[in-house]
Every structure is written in structure tokens, then in C-alpha cells.
Amino acid sequence: ELIIALLSNAVAQFKKYKCPRMKSHLMVQMGEEYYHAKDYTKALKLLDYVMCDYRTERWWDLLTAILSTAVRCAYLMASVKDYIIYSMELLGRASTLKEEQKTRIEKNLFKVLMNEIPDAEPECDPSCAGAARSLWSDRMALVGSNEFTLEVQDYVLFIQCKARFLSPSFHVDQPIKLQVFLRADCPHPVSFSKLAVSLSNQEYNQWCVLVESSGPENMRLSPGKTTCYDFSFVAKTEDVGKKIEMTGIEMMLGSDSGRCVFLSWRGAGGDAASTHEGLQASRSSRRWGRNIEEHQELDWDSLSIQQSTMIISRVPKISVQLSHHPPALNNEMYCISLTVKSQEEDVARDVKLTAGLKPGQDANLSQTTHVMLSGSEVCDDSAPALLPDIPLGDLQPGQQVHTMSLFKDTVIVGCVDPPTDPTTQTPTQP
């Protein structure tokens, strides 16, 4: 108690004079003293607080040592959730443990997921380990405590996730495709029971779910290998002009018959170490001129995240051809023939034509340019510079419509208003 009191005073002193690393170092010592004093709750609270700083600053050796103490505390107090979290982190890429140590931890982790009692942690007092085993037996017998959700962004766990839409935008008549990449850093293969992507429009979530019934062979991750899962769905027409965003990804480890752990990623994946790793990969690719697109399936760090996509109007299948014979003389009634052809599979309804000057030209041209549809009328200053919404009627598939426009003083271009589907109109520039 004297040592803990002195350490507490020292922590307060370094906190006062803003020495965060010394404060963290002393808090680790306090946690170890609480551990040796068998006050595992206080020890775990202190160590958990310090681990956030060490993850951020990437002190992997120190983090591994603290995690090893923390997992012993969790075992001795039979804290199931803490034991699962720290075991998963000791299996991850930030851990500096040897392969055989990770194998033992992985074995214990999956024992807990199967609702079995894990083996005692090394360096635990045998007398305390016996009491802990009794606590674990009580925990395993409890009903209603078999599901946990872990926010992966707060840790560096043994499963990594990245997701992306295949394009920043999709036409409304195209399937929207997204990919989820998973990678396991543990020594042995790991299976999962469910993978689900949550989107900003929840109506599409049903198309972005992978469960065991989809094929158990696809629900297995090999150590160090990147596995890609593809999802696709078709957007609704009312979502044109809207952004669809990934709000989260969830993976379920374990099963309903044992214990379920839901790994939850916010957005399109990543964890406490991903930002720095992505920056390093970007710098490396620029330095060495690597072709990321060519190597992205092999290099995990080069996989980019595309969290959102935009739904845009489909490209109308209506062509417009202009026919005229330049040059145009001053005050000449210059004739331009237009041919509008529908290549839609269905009837294009209520097609309209607009004839006028190309936008962005000298504003004075609009005052000296006049447009007409009929050569039988006199073109004077009362004629407009723009003829909007000239009705062409309904166009059958493959049908062509010919029309003519007369322009005076300047050469112009025309634009047509074809529908994006049989009932909706969207302008397009020829």
C-alpha cells in the first residue's frame, strides 16, 4: 500500500507538470503493484487506461507486456469480455509474442467461445488459479451473458477489415458493387458465422449479409491471407442524386450454441493502427513508384477504403445528330437539320427539344441571334433566342424524328430533352 501511495503521488506530480509518458509509465507500475496485491479490478482499470496511449503511440513491445498482465488479471477475476478482448489483441499484428505463445492464447480464446473453461495463464499463482477456475465455472453456467459486441476501432485485434465501393458513383440502372476485405493475423485459420454491412439506407442492408448457410467454406480465414467478399444491389430511382454510405461492418465469431462475439467496425473498417499504416503505405508507394492497382490483392496496406458512393441518373439511349453546311453569313437564315433517334428498349415518352445558343458564350450574342422552326415566317427582332420544350411526342424503340431549326446571325448548337425512362425526363447535351 505504501508503494502504491507513493506511485500515486508521483503520477499526480507528473500530471501537474504535463509529462504524459512518465505518468503512463508510473500508472503501469501501479497496475502491476495492484496485480501483485491481488486487487485485479483496480489493476485492470489502470492498465486499460494506459493501453490507449500506447496504441496511439505504437509502443508495441510495451503494449504486449501490459496486455499479458491484463489478460492474467481478466483470467483470475473471470472477466469474460476483458479476457476475450485482450486475447484477441495479443493475437493481432501489434503483439510481439512468439508463435507458440499465440497458439496457446488462440486455443484458450476459442475454448471461451465454445463456453468452455480456458487453461490457466502462465505465471499465475497456482492457488489463485484454482479459485479462478471456480469463478469461470460459475460464469459459464450463467444464462443470458453469451453475447458481446466489441468496437474494433478502439483496439488492434487479430482480424482486420477494409471495405470499399467499386466506384465513387453508379448509374441508377447499374448494380452497386462493394467489397469487404478480411485478414486474420492469428497463427491458425479462424471461422466466423456472419458478416454484414450496414448502409445509410437500411433498405439495402438485406443484400449485404453473408451467413453460414451461404457456404461454410467461404466463412474461413487463413492466417496472413486477404479474403474478399463481394456484395451487390440495385438502387431505387428515388435515390438518384443521393449518397449511399457504409455506416458499419459487423462480423460474428462463435455460435448460438456457445458464445457469440460481434466485431463491429465503424464506417468502412480500420482499427487503432490503420491510419498510420495507411499513411506509411501511401508514402512507400510514392517513393518507389509502385503500381497499387496491380499489387492491391497482395498488399493489404495498399487496399484503399471507399466509404460512400453517389447514385446518378442513367445515361439516356437517345442520340441527336446535327446536319448543316457552314459558313453562316450575317443576317442569313441558317438552317440546321436535327435527327433524334431512340435506342431505348421501351417507348420514350414526351420527348422535347430545346434549340438555342450554347451556354457560356458572349452574352451579346443572345440579343442578336434569333431562332425559328419554320421558314415560311419572317424572322425579325421579335423572334426569341431560345426555343424551349419543342414537343417531339413519343419515340418507339429505333424510331427517328427529323426536325429543322433556322438561326439568324450566329452558329449555335441544339440540345434535346430525352427521358431517362418511359415516364421521367432528364436533359442531356449532344
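The values are calculated or read from the model by the stated rules, or taken from the named source; none is laboratory data. Just so we're clear, the structure is a prediction, and the values are computed from it rather than from any experiment. Quick reminder, even Gly has a Cβ in these numbers, built from the backbone with ideal geometry, and neighbours come from all protein chains shown. Protein only, heavy atoms only, side chains kept; ligands, DNA and RNA dropped before computing areas. Shrake-Rupley method; radii C 1.70, N 1.55, O 1.52, S 1.80 Å.
A compact globular protein would have a Cα radius of gyration near 2.2 N^0.38 Å; the ratio found for the stretch 48-182 is 1.31. For the stretch 153-222, the Cβ-based charge dipole about the Cα centre amounts to some 160 debye (Lys, Arg positive; Asp, Glu negative; other atoms uncharged).
Ligands, DNA and RNA excluded, the heavy atoms of residue 61 present near 110 Å² of accessible surface to a 1.4 Å solvent probe. With Cα atoms defining each centre, the stretch 192-271 and the stretch 295-339 are spaced 35 Å apart in the structure.
Computed with a 1.4 Å probe over protein heavy atoms only, the accessible area of residue 198 comes to about 50 Å².
Here the simple spin-label model places points 7 Å from the Cα toward Cβ, and for residue 2 and residue 57 these points are separated by 3.0 nm. A probe of 1.4 angstrom, applied to the heavy atoms of all protein chains, finds residue 69 with accessible area near 10 square angstrom. The Rg/Rh ratio of the stretch 104-162, with both radii computed over alpha carbons and Rh defined as the Kirkwood radius, is 1.03. For residue 194, the lysines whose Cα comes closer than 18 Å to its Cα, not counting residues fewer than 8 places off in the same chain, are 162. Summary of the geometry: the stretch 1-19 and the stretch 108-156, compared by the centres of their Cα atoms, lie 33 Å apart. In the structure shown, the pairs 317/352; 16/42; 23/102; 177/243; 38/111 are assessed against 20 Å; a Cα-Cα span above that value is assigned to 16/42; 23/102; 38/111.
Going by accessible surface with a 1.4 Å probe and the largest first, 197, 315 read 315, 197.
Between 120, 172, 190, the Cα set farthest toward the positive side of the dipole of the stretch 105-248 (charges on each charged residue's Cβ, about the Cα centre) is that of 172.
Each of residue 153 and residue 364 was given a label point 7 Å from its Cα along the Cα-to-Cβ line. The distance between the two points is 5.8 nm. Working from label points 7 Å from Cα in the Cα-to-Cβ sense, the residue 115 to residue 29 distance is 4.6 nm.
For the pair residue 15 and residue 174, the difference between a 0.36 nm per residue extended length and the Cα-Cα distance amounts to 51.5 nm. For the stretch 16-74, the equivalent ellipsoid built from the Cα gyration tensor has semi-axes of 19, 14, 8 Å, listed from largest to smallest.
Loop-located GluC sites (Glu not before Pro) in the stretch 84-153 (DSSP state not H, G, I, E or B) with no more than 10 neighbouring Cβ atoms inside 10 Å: 123.
Taken one residue at a time, the phi angles of the stretch 19-25 give Karplus couplings (6.51, -1.76, 1.60, θ = phi - 60°) of 10, x, 6, 5, 4, 5, 4 Hz. Gly and Pro are set to x. Accessible area ranking (1.4 Å probe, heavy atoms, ligands and nucleic acids excluded), largest first, for 402, 171, 370, 188: 402, 188, 171, 370. Multiplying the residue separation of residue 205 and residue 313 by 0.36 nm and removing their Cα-Cα distance gives an extension gain of 36.7 nm. Legend: residues 350, 39, 362, sorted from most to least accessible area (1.4 Å probe; ligands, DNA and RNA excluded), read 362, 350, 39. Note on residue 238 and residue 138: the extension gain reaches 30.6 nm, defined as 0.36 nm multiplied by sequence separation minus the Cα-Cα distance.
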